[in-house]
Amino acid sequence: MKYKIFAGTCLALIGIFAATSLYYKNQQVKKYDFLAQNNASNFIREHSATLGSSDAKVFLVEFMDPACETCAAFSPLVKQIMDAHPGKIKLVLRYAPFHEGADYFVKILEAAKKQEKYWETLDVMFKSQSYWTSHHKALPEKIWPILANAGLNIDKLKQDMQDPSIDKIIEQDLADAKTLDVRKTPGYFVNGNPLVTFGRQQLYDLIQSEINAQY
């Protein structure tokens with residue numbers, strides 16, 4: 001009798017676990033449905049830097065160039081929108097280094113990621129951008145005195161920048177940008193929907209419409 005009760009309990013627990021797992025999988029499928037419909041890998045790669053809750057239902061994918069003035073100008077706006085909707089938006093950064101010399105700064109960012117200083121480094125870059133760019137051209141030698149403000153180990157950073165895998169990351173992101181017809185930076189997609197008409201209000205409206213649809 002005790003064995004039957006024990007066996008019945010085990011079966012019940014297995015059933016509950018299976019049902020819970022199925023529910024979780026279904027929720028995940030719904031959550032990433034837009035990605036499945038629009039070829040997920042074009043929007044998010046394993047190497048992509050992300051910011052925000054893993055439970056967020058709104059994915060803001062941005063193709064950016066560290067030397068792009070508009071990318072730097074829009075960065076505070078994106079943070080403000082995310083702060084206004086805590087836990088609802090996940091930012092995914094992709095690279096489109098269209099400016100001359102910008103790929104060098106992508107390598108700095110990827111190397112900083114290994115020190116867990118990615119976002120701090122990007123923030124320092126954007127805030128000092130006017131100093132290390134000139135006439136739409138990035139000037140690598142001018143960034144080094146500034147990078148200490150991100151709390152980086154500079155010697156390690158210079159070594160990690162030589163990792164050949166970073167070149168492949170840049171190539172992949174540029175290929176995805178081409179596939180998605182991103183010709184200028186920043187290029188935004190919200191749950192797979194492109195920002196067709198560029199502007200601050202337009203970006204806000206696109207994000208807000210998707211938040212309203214998902215929550």
The simple spin-label model distance between A213 and Y131, using points 7 Å out along Cα→Cβ, in nm, is 4.2
Between E69 and N193, what length comes free when the chain is fully extended (0.36 nm per residue of separation minus the Cα-Cα distance, one decimal in nm)?
42.3 nm
What residue among Y95, H85, A49 has its Cα farthest toward the positive end of the dipole of region 46-119, where the charges are +1 on Lys, Arg and -1 on Asp, Glu, each on the Cβ?
H85
Charged-residue dipole, Cβ positions (Lys, Arg, Asp, Glu), region 53-153 about Cα centre, Debye nearest 20:
180
Region 33-214: Rg/Rh from Cα coordinates, Kirkwood Rh?
0.95
Roughly how many debye, to the nearest 20, is the charge dipole of region 33-214 about its Cα centre, given +1 on each Lys and Arg Cβ, -1 on each Asp and Glu Cβ, and no other charges?
220
5 Å is the cut-off here: which amide hydrogens, built 1.01 Å from N in the peptide plane, fall below it relative to K90, excluding neighbours closer than 5 in sequence?
V58, F59, L60
Taking the simple approach of a point 7 Å from Cα along Cα-to-Cβ for both K168 and K79, what is their distance in nm?
3.3
In region 148-204, which trypsin sites (Lys or Arg not before Pro) are in a loop and have at most 13 other Cβ atoms within 10 Å, using DSSP for the loop call?
R183, K184
From the phi angles alone, apply the Karplus equation (6.51, -1.76, 1.60; θ = phi - 60°) to region 70-75 and give each ³J(HN,Hα) in whole Hz, x where the residue is Gly or Pro.
5, 4, 5, 5, 8, 4
Karplus-derived 3J(HN,Hα) from phi for region 117-122 (6.51 cos²θ - 1.76 cosθ + 1.60, θ = phi - 60°), whole Hz, x at Gly and Pro, runs 10, 4, 5, 5, 5, 4
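Here, each number is a calculation from the coordinates, and none is a lab measurement. All values reported here derive from a predicted model rather than from experimental measurement. Virtual Cβ from ideal backbone geometry, glycine too; neighbours counted across all protein chains shown.
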